[in-house]
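Quick notes on the structure that follows.
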Amino acid sequence: MNIPSKYPLTKSLALLVTALSFLLASGCSQDKPYRESRFLMGTLVEIAAYPDTNRVRTAVAEAYVRMEAIEAATDHRKEDSVLAALRRGERVTLSGDLRAVFASAMMIARESSGAFDPTMGKVVSLWGFDMDTPRLPLEQELRNSLKTVGFEKVTLSGSIIKAGSPVWLDLGGVAKGYAVDEAVKVLKEQGASAGIVNAGGDLKAFGRKPGGKRWRIGVQAPDDHQELAGVLEIANGAVATSGDYERYFETGGKRYHHILDPETGYPARSGLRSVTIVAFDCLLADALSTAIFVMGPEKGLELLKGRDGVHAVLVLETGEVLTTSGVGSEVGFERR
Ligand code: AMP
Ligand code: MG
């Protein structure tokens, strides 16, 4: 099959154009943050932290070390990993970061009735969205792989995962959010007064910038990396986006993206082009954005009801932009 080179290769610049660009208002020179960017977790991770001192520069380096550790713990590709053992049907104990990410993923799986499902690993790897060579799987392959999917077949008892059969975990829909939260913890603990950690559009901002300005976060328009659907303004907290333009390929005149419907194994077509979630924690924002993308606008907005401090901006296939009631009041939003 001919796979066009349209897919944004993991290390290509295309992927570095993030779903959300963070727009830092520039202050006078001594008010500038220390900034650094590194390629991590399949994306460009940008950190900006105030004030620009040696102590804060060391904190930024430590934050990257923390994120690298989380990347290693949640990477399902390593053959000598806990996740590989789980795929072979072995009984495993999850520790530290892996346990924390998995427990949160299972919570969102339950709350979204499986629209978000961390056991999608076999289906995700069939499509190859986690590699540089995605492809359209055969229907038979998809049917077979779907048999391994089902978060309800898995339980976490303490730190031990229990399942009757091999489990293919894919934590790609939440791991970045968790890593962003943990990086922010390191920055705060080590003396940064304000800052932002942006992992390819999944980001968290904290503290007050010099001059007291709020953080301005661009919500990307689906079809043009240069265009914005709007700009959010937050005092602090996290923003994450799931969009059908983030990772995709085209074949046979059709476009296939990386957010899969656990019912069918195919890319979710729920009427949405992107879901942006604002929440206090990036892990929650990350998981909810993926879940709601699969659920669609109606069920998705239902899932958000009663969640204090959680807001959403949905870009529909029709081009319409829907926002929850706190957008424009609790968090600022300018439509573009
Ligand atoms: P995000 O970009 O945060 O929406 O996450 C998408 C990533 O999550 C994909 O690249 C897959 O690794 C994984 N994924 C895809 N579909 C699902 C799903 N329905 N539930 C959980 N994870 C998924
Ligand atoms: Mg996500």
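Would you check which residues across segment 274-294 are more than 9 Å from ligand 1 (Cβ to nearest atom) and buried (at least 22 other Cβ atoms within 10 Å of the Cβ) and list them?
Hits for segment 274-294 are SER274, THR276, ILE277, VAL278, ALA279, CYS282, LEU283, LEU284, ALA285, LEU288, ILE292.
Read through the list (1) in contact (Cβ under 8 Å) with a residue 60 or more places away in the chain; (2) in contact with a Ser or Thr (Cβ under 6 Å, 6 or more places away or on another chain); (3) among the aliphatic types (A, V, I, L, M), then give the number of the only condition that LEU288 fails.
Single failed check for LEU288: (2).
For residues that are of a type outside the set (Gly, Ala, Ser) and not in a helix (DSSP H, G or I), tally how many sit in segment 52-103.
14
Quickly run through segment 172-199 and pick out the residues that are modelled with pLDDT of 95 or more and either within 11 Å of ligand 2 (Cβ to nearest atom) or β-branched (Val, Ile, Thr) (or both).
VAL174, ALA175, LYS176, GLY177, TYR178, VAL180, VAL184, VAL186, ILE196, VAL197, ALA199
I need the strands (runs of 3 or more DSSP E) fully contained in segment 160-214, keeping only those with at least 1 residues that are in contact with a strand residue (DSSP E or B) (Cβ under 9 Å, 6 or more places away or on another chain) and within 16 Å of ligand 1 (Cβ to nearest atom).
Values: elements: 160-163, 194-199, 202-207.
Answer list for segment 160-214: 194-199, 202-207.
Given the criteria more than 25 Å from VAL101 (Cα to Cα) and either in a loop (DSSP other than H, G, I, E, B) or within 20 Å of the chain's Cα centre (by Cα) (or both), does ARG269 qualify? I'd like the intermediate steps shown before the answer.
Values: more than 25 Å from VAL101 (Cα to Cα): yes; either in a loop (DSSP other than H, G, I, E, B) or within 20 Å of the chain's Cα centre (by Cα) (or both): yes.
Against the criterion (more than 25 Å from VAL101 (Cα to Cα) and either in a loop (DSSP other than H, G, I, E, B) or within 20 Å of the chain's Cα centre (by Cα) (or both)), ARG269 qualifies.
Look through segment 296-312, keep the residues that are within 28 Å of LYS254 (Cα to Cα) and either of a type in the set (Phe, Trp, Tyr) or surrounded by fewer than 24 Cβ atoms within 10 Å (Cβ to Cβ) (or both), and return whichever of them is farthest from ligand 2 (Cβ to nearest atom).
Here the answer is GLU298.
Give the number of residues within segment 110-133 that are assigned to a loop (DSSP other than H, G, I, E, B), surrounded by 18 or more Cβ atoms within 10 Å (Cβ to Cβ) and in contact with a Lys or Arg (Cβ under 8 Å, 6 or more places away or on another chain).
Matching residues across segment 110-133 total 4.
For (1) in contact with a helix residue (DSSP H, G or I) (Cβ under 6 Å, 6 or more places away or on another chain); (2) modelled with pLDDT under 90, each residue gets a yes or a no:
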| residue | (1), (2) |
| --- | --- |
| SER29 | no, yes |
| GLY42 | no, no |
| ASN54 | no, no |
| ARG57 | no, no |
| VAL60 | no, no |
| MET67 | yes, no |
| ILE70 | yes, no |
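The values are calculated or read from the model by the stated rules, or taken from the named source; none is laboratory data. For clarity, every value in this text was computed on a predicted model and none was experimentally measured. Reconstructed Cβ throughout: ideal geometry from the backbone, glycine too, with neighbour counts over all protein chains shown.
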